[in-house]
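Asks: Okay, here's the structure, questions in a sec.
Throughout, read-outs are computed from the coordinates displayed, never taken from laboratory work. On a predicted model such as this, the values are computed, not experimentally measured, just so you know. Heads up, the Cβs are rebuilt from the backbone with ideal geometry, glycines too, and the neighbour counts pull from every protein chain shown.
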């Protein structure tokens, strides 16, 4: 199939729309996660969504995105509370708490998944596609619901932009001003879970973390302003969503999720190298320039110091 | 007999993971362990594609290279201004994605399917027998996992003092002339090797459960590093045996059940540990406040 035919195919158009939305969603909320130093929280929440999805499937017996959304939401909220509880109430540090919740929830998810596969649930084929994502299975209804969720997420972010910004940069100041930071904290977590749920179908639980982290980190290289960073991150997320989808439908039998992640990684490496001011090359240039000018000025000062002054011989 | 082998392999995996896991938990590097366990996948696949055989030596070499590459990339990015946990997230997802793409590209040649990546194939390990020194009834995995277990024990006991000091006070270790960076990378090498060997039995992703959960559970039970390692190994063995029977009961994945049991044991410890449990702390606080109140009354 050549490229033009591919673009004109209505199925592909829906899938492209879905991955574009997923990239935008996770780019927006990923910025806040990154600034709040909670990047790996997205990873833990994505893994934790698996048992939620399995339970939702076992209860409803269908693969509806709404059911999965609720299941993943409940599991994500439980995981968030568990991580908070462990770090608060015991001497276990946050990284270990994240690791524990991530692996135990994922383990339970795998148990439920294999249980579903071994027992006589009809219509269960494709549930394991949630592990690595299966963008090709998205249909127009899924994408419409994703669009709604995405719009909701962006609307909330737009509405509470100032609050989220101050909580991300200086929570103590926000507290002093009387903002309900606990509530805002929970809200950002909730939005994170929502973004994870939107992405799971296309990217899968295992790699969803990349969609939250990589666009945000890449965007951070280019700007120091939060609103530019958010716009840039959602653009990067959207571009990698579309890029990965196109790559996977051009090649044969390649999974979409990892290709989306790899597209985002390529953009990250590009930003790492070529971003003005913060990029590796820009830094090298500055260093080289500094070296040259200091050498020059040292040489100059040596010259002037050693040069015999006229009229004094 | 089959259940004996499965439990034995599971226990050896859990013990090898716990030994290195204790140091990861103490050094606040649990998520680096998670990253390594994901990132060795491309190493395994590339080693397989280059050598064309499933010989463990190539797998281990591939895993070590990619494990150390992961650690190096993470520290490079975090030194260049990216936040540490974001650096971890970027690096391991990229490497894991490469691994998954390679697996799907070369499915026919690699003989690894994605389920295997996720939760291993411990149930089939027992039929893969190998003859070593005339003994031919012991499965291949037992030799492999046993060897890694011994290597871990040997290295950790030989350099126990150095590892301990690096874990608790790296600055003092450096001041005493211990090559901290060398021991850091040695530990990361051990994590990579343990991960790749555990790959067959618990899969790349659940390995992180075996690395962190028993060690964190033991951390809530004792104050001494040596005791912590022994306790975490015992917990690992319980997880392996309990997980096997749970899997048998539920007809589900053995590796998943092992991690589920580990989570259960952790939850119990979190609440009921005599020294650090939530409930025992609460009781102690209450006793203290009662004592204070009676002291006030007598005054």
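Asks: Using Cα-Cα distances under 8 Å and only pairs 6 or more residues apart, what relative contact order does the range B:2-217 have, in percent?
Replies: Numbers: 291 pairs, mean separation 83.0, N = 216.
It comes to 38 percent, rounded to a whole number.
Asks: In terms of the Cα gyration tensor, with a ≥ b ≥ c the square roots of its eigenvalues, is the range B:2-217 rounded because a/c is under 1.5, prolate because a/b exceeds b/c, or oblate? Please report the intermediate quantities before stating the final value.
Replies: Details: a/c = 1.97, a/b = 1.29, b/c = 1.53.
It comes out oblate by the Cα gyration axes.
Asks: According to the square roots a ≥ b ≥ c of the eigenvalues of the Cα gyration tensor, what is the shape class of the protein assembly as shown, taking rounded for a/c under 1.5, prolate for a/b larger than b/c otherwise, and oblate for the remainder? List each step's numbers first, then the result.
Replies: Working: a/c = 1.27, a/b = 1.13, b/c = 1.12.
Taking the square roots of the gyration eigenvalues as a ≥ b ≥ c, the protein assembly as shown is rounded.
Asks: Over the whole of B:204-210, what's the average partner chain Cβ count within 10 Å per residue? Rounded to a whole number, please.
Replies: Values: counts 1, 9, 5, 1, 7, 8, 2.
Per residue, the number of nearby Cβ atoms from other chains is 5 on average.
Asks: Which ordering of B:41, A:69 is given by a fewest-first count of other beta-carbon atoms within 10 Å? Present the calculation step by step, with values, prior to reporting the outcome.
Replies: Numbers: B:41 28, A:69 22.
Lowest to highest Cβ neighbour count: A:69, B:41.
Asks: Taking only Cα atoms and a 10 Å spring cutoff, compute GNM fluctuations for chain A and point out the largest among A:200, A:231, A:29.
Replies: It is A:231.
Asks: If you line up the long axis of helix B:225-250 against the longest principal axis of chain B, both from Cα atoms, how many degrees apart are they, to the nearest 10?
Replies: 60 degrees
Asks: Round to the nearest 10 and give me the degree value, 0 to 90, for the angle of helix A:10-35's Cα axis relative to the longest principal axis of chain A.
Replies: Computed tilt is about 50 degrees.
Asks: While we're on this one: Counting partner chain Cβ atoms within 10 Å of every residue's Cβ in A:32-41, what's the average? Walk me through the numbers before you get to the answer.
Replies: Details: counts 0, 3, 5, 2, 1, 4, 3, 10, 11, 2.
Mean shielding by partner chains, rounded to a whole number: 4.
Asks: For a footprinting-style exposure proxy, rank A:270, A:155 by other Cβ within 10 Å, fewest first.
Replies: Working: A:270 14, A:155 10.
So the residues, fewest neighbours to most, are A:155, A:270.
Asks: Angle between the Cα long axis of helix B:180-219 and the longest principal axis of chain B, 0 to 90 degrees, nearest 10?
Replies: Long axis of B:180-219 versus the principal axis of chain B: about 80 degrees.
Asks: So, by mean Cβ neighbours within 10 angstrom, what's the order for B:68-79, A:14-25 with the highest one leading? Please list the in-between numbers first.
Replies: Details: B:68-79: 18.3, A:14-25: 26.3.
Highest mean packing first, the order is A:14-25, B:68-79.
Asks: Over all directions, the average projected area of the alpha-carbon convex hull for the range B:50-95 comes to how many nm²? Before the final figure, lay out the partial values.
Replies: Working: hull surface 14.1 nm².
Projected area, direction-averaged: 3.5 nm².
Asks: Here is a further query. For chain A, what is the relative contact order in percent, using Cα pairs closer than 8 Å and at least 6 residues apart in sequence? Can you show the working numbers first?
Replies: On the way: 447 pairs, mean separation 90.1, N = 313.
Reported as a whole number, the value is 29 percent.
Asks: Now a separate question. How crowded by other chains is B:274-282, given as the mean number of beta carbons from other chains within 10 Å of each beta carbon? Mind dumping the intermediate values first?
Replies: Details: counts 0, 1, 4, 2, 5, 0, 0, 2, 1.
The shielding value for this peptide is 2.
Asks: May I pose another question? Answer rounded, prolate or oblate for the range A:19-139, using the Cα gyration tensor with square roots of eigenvalues a ≥ b ≥ c: rounded when a/c is under 1.5, else prolate when a/b is larger than b/c, else oblate. Numbers along the way, then the final one.
Replies: Values: a/c = 2.46, a/b = 1.37, b/c = 1.79.
Cα axes put the range A:19-139 in the oblate bin.
Asks: Order by neighbour count: A:203, B:207, fewest other Cβ atoms within 10 Å first, most last. Kindly include the intermediate steps, with their values, before the conclusion.
Replies: Working: A:203 36, B:207 31.
Going from sparsest to densest Cβ surroundings: B:207, A:203.
Asks: Bin width 10 Å, origin at 0, all Cα-Cα pairs of the range A:3-214: what percent of pairs per bin?
Replies: P(r) for the range A:3-214, in whole percents per bin: 9, 33, 34, 18, 5, 1.
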